[in-house]
Each structure stands twice: as structure tokens, then as C-alpha cells.
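Comments concern the structure below.
The values are calculated or read from the model by the stated rules, or taken from the named source; none is laboratory data. The model shown is predicted, which means the values in this text are computed figures rather than measured ones. Methodologically, a virtual Cβ is constructed for each residue, glycine included, from the backbone with ideal geometry; neighbour enumeration extends over all protein chains shown. Each accessible area value is taken on the protein alone, full model and side chains, heavy atoms only, with ligands, DNA and RNA left out. Shrake-Rupley method; radii C 1.70, N 1.55, O 1.52, S 1.80 Å.
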Amino acid sequence: MNLKNYLEVSPEIELALKENKPVVALESTIISHGMPYPQNVETALKVEEIIRANGAIPATMAILNGKLKVGLSKEEIDYLGKKGLKVIKASRRDIPVILAKKEDGATTVASTMILANLAGIKIFATGGIGGVHRGAETTMDISADLEELAMTDVAVVCAGAKSILDLGLTLEYLETKGVPVLGYQTKELPAFYTRESGFNLDAKIDSPEEFAEILKAKWSVGLKGGVVIANPIPEKLAMDYNTIHNAIEEALKEAKENHIKGKESTPFLLAKVKEITKGKSLESNIELVFNNAKLAAEIAKNFVK
């Protein structure tokens, strides 16, 4: 079967890649599952604007009517935003079924990496990566994002891993898989809503130029897999560590009582934290995505030089 039967790259993205222009991949789960309409669409379009303002071209990803779409139109983003939770949250394992049934799917970190790699896009901006869930030593609940980072050649600019996870085990897993976790102007892993986590990173990188050189070096010598570029939320937007820690503990307790597991756990926990923090966590979430989009555009520009 021909890949062209399934993959649709927008004319703008196709031309940009052909002309070696900087392109930044974006996921769509944040549109369908991250927040309500119309805030989800407004946020997605604002992220695209930020990437353009910083000299790169945005490529929002999704699966629509059984097609892997690289570069969505405003109408397609609006469609995903309106359909919301009815869109399938699509990770690697879900893609074949969605394609064969000609359904719609919102891409997670893992599936966005897959689509970006198929199209030839190397830099991806998101909020935070998935990881090893708390209690995974008994539940084996580990995000597919980590395996994707181990084998797919795409760099992920994020605000670290979501703080609802076991951050220590997440770093151990990535180390085992040979995935570099590099901090932008920090030696400490950011924990999504907060700048601190208590965990040290492999290296502190001071500029987008240096990140671009590291990515070129990694892939030039045949080292497969991605890189986590951990970009802390700006200080003025960060939440208080204890506030977030207590909110997460409360949310985890409720999730356990309600037997919420698997792919339902992350949306539940994030929604619960939003409720407990009276919406402040969602505000921080949006701002850190904007911050990551800006850095990703800068890295993408240097990568194509």
C-alpha cells in the first residue's frame, strides 16, 4: 500500500519542507480534549500565530476522515474544537483502526511525533509529555510517549512532564531508552505548572542554536529517537509548588476512589486540578504552550541553517 493513500500534507507545509524552511509540528489533543470550545480553537490559532511571528511555519496535526493530516486549515481546527471529546484521542495503537474506519482522531504527543516524522518535520512544540504514572510498578501505566521518544527522530519542546506523573521514574525510563532530556537555561526538570521538581537533568543548554547543533549531531551519527527539550514555564506565570502538589494529591485520591485508569486518567486528573485551583492551572497550561511554541520556532530556524 502507498503512504500517499493515508498521508495528506498541506501545500504550505509541503512547499516549506521542499525549500528547507523551518516548520514546527503541533498536536491536536489539546484542541479536542484540552479545553472547551471556543477557547480551544482560539488557543490553537494563537499558538500558530506565535510560531509564525517567530519565523517558522506551524503544522497542526490530526486524523480527519481516515487521513493523516499534516497542517490543518482554520476550518479543520474549528471542526475539531466543536467536536471536542467526541474525537478519538489517538496514540500509536489507535492509528490503524482510525485510518481503516475513516474516523477522526486527535493526535497525542506520540502520534504527532509519528505524523511529523512521516512528513519530515523534526521539531514539535507541546505542553508536557506523558510519562510513568504514579503506582506504575503495579499498574504498568506508562505513556506511549516515552516509547515514541525512544524510536522516532523528532525533538519535543515541552514544559517537562505533567506533574501528575511519577517524574523520577519517567526520567529513569527515558535514560534507559537513551533519550536525552535537556533543560533550556535550567539544570532542573520543570514540572509543567512549576519551574522546579527536585530532579536534575542531563544538561543545561543556553541557546536555540546549541539545541539545533545537538539534534544535528545526534541524528547525523545514527542515534535513533527523539530529544526532550524541557523549557520551564516563565517565572511570573508559574504556580506555587505546594498549591499544585496538594491539588494533585487530592485529584489522585479521587481518581483511585473512582477506579479511573488508562487513557482516561490524564484528562481526569488535569480537569480535577483545574477545578481545585479555580482555573489557574489551565491559564498556566495555555501560557506554557505559547512559551514552548516560541522556543520551538527558534530551534527550527537554527536547525535548517
* Asked: Do you know which of the residues in region 46-56 that are of a type outside the set (A, V, I, L, M, F, W, C) and surrounded by 16 or more Cβ atoms within 10 Å (Cβ to Cβ) is nearest to Ala300 (Cα to Cα)?
  -> Asn54
* Structure fact -> The residue that is farthest from Phe192 (Cα to Cα), considering only those in region 129-150 that are in a helix (DSSP H, G or I) and in contact with a strand residue (DSSP E or B) (Cβ under 6 Å, 6 or more places away or on another chain), is Ala136
* Asked: Under the condition of being within 22 Å of the chain's Cα centre (by Cα) and more than 29 Å from Thr266 (Cα to Cα), which residue from region 17-45 is surrounded by the fewest Cβ atoms within 10 Å (Cβ to Cβ)?
  -> Lys21
* Structure fact -> Filtering region 175-199 for residues that are out of contact with any helix residue (DSSP H, G or I) (no Cβ under 9 Å at 6 or more places or on another chain) and either more than 21 Å from Lys301 (Cβ to Cβ) or among the β-branched types (Val, Ile, Thr) (or both) leaves a count of 4
* Structure fact -> Taking region 75-123 and the residues there that are assigned to a helix (DSSP H, G or I), open to solvent by 20 Å² or more (accessible area, probe 1.4 Å) and small (Gly, Ala, Ser), the one that is farthest from Leu295 (Cα to Cα) would be Ala100
* Asked: From the set of residues in region 157-216 that are open to solvent by less than 10 Å² (accessible area, probe 1.4 Å) and on the phi > 0 side of the Ramachandran plot, which is modelled with the lowest pLDDT?
  -> Phe192
* Mind listing whichever residues of region 1-13 are in contact (Cβ under 8 Å) with a residue 12 or more places away in the chain, in a loop (DSSP other than H, G, I, E, B) and of a type outside the set (Ser, Thr, Tyr)? => none
* To do: Using the structure shown, decide if Ala59 is more than 16 Å from the chain's Cα centre (by Cα), in contact (Cβ under 8 Å) with a residue 40 or more places away in the chain, under 26 Å from Leu174 (Cβ atoms) and buried (at least 20 other Cβ atoms within 10 Å of the Cβ).
  => no
* **Candidate set: region 226-244, residues that are part of a helix (DSSP H, G or I) and surrounded by 13 or more Cβ atoms within 10 Å (Cβ to Cβ); chosen: the one modelled with the highest pLDDT** => Leu237
* So Ala16, is it at pLDDT 95 or above, in contact with a helix residue (DSSP H, G or I) (Cβ under 9 Å, 6 or more places away or on another chain) and in a helix (DSSP H, G or I) -> no
* Asked: Can you tell me which of Glu257, Glu264 is surrounded by fewer than 16 Cβ atoms within 10 Å (Cβ to Cβ), under 23 Å from Thr108 (Cα atoms), out of contact with any helix residue (DSSP H, G or I) (no Cβ under 7 Å at 6 or more places or on another chain) and free of Cβ contacts under 8 Å to residues at least 24 places away in the same chain?
  -> Glu264
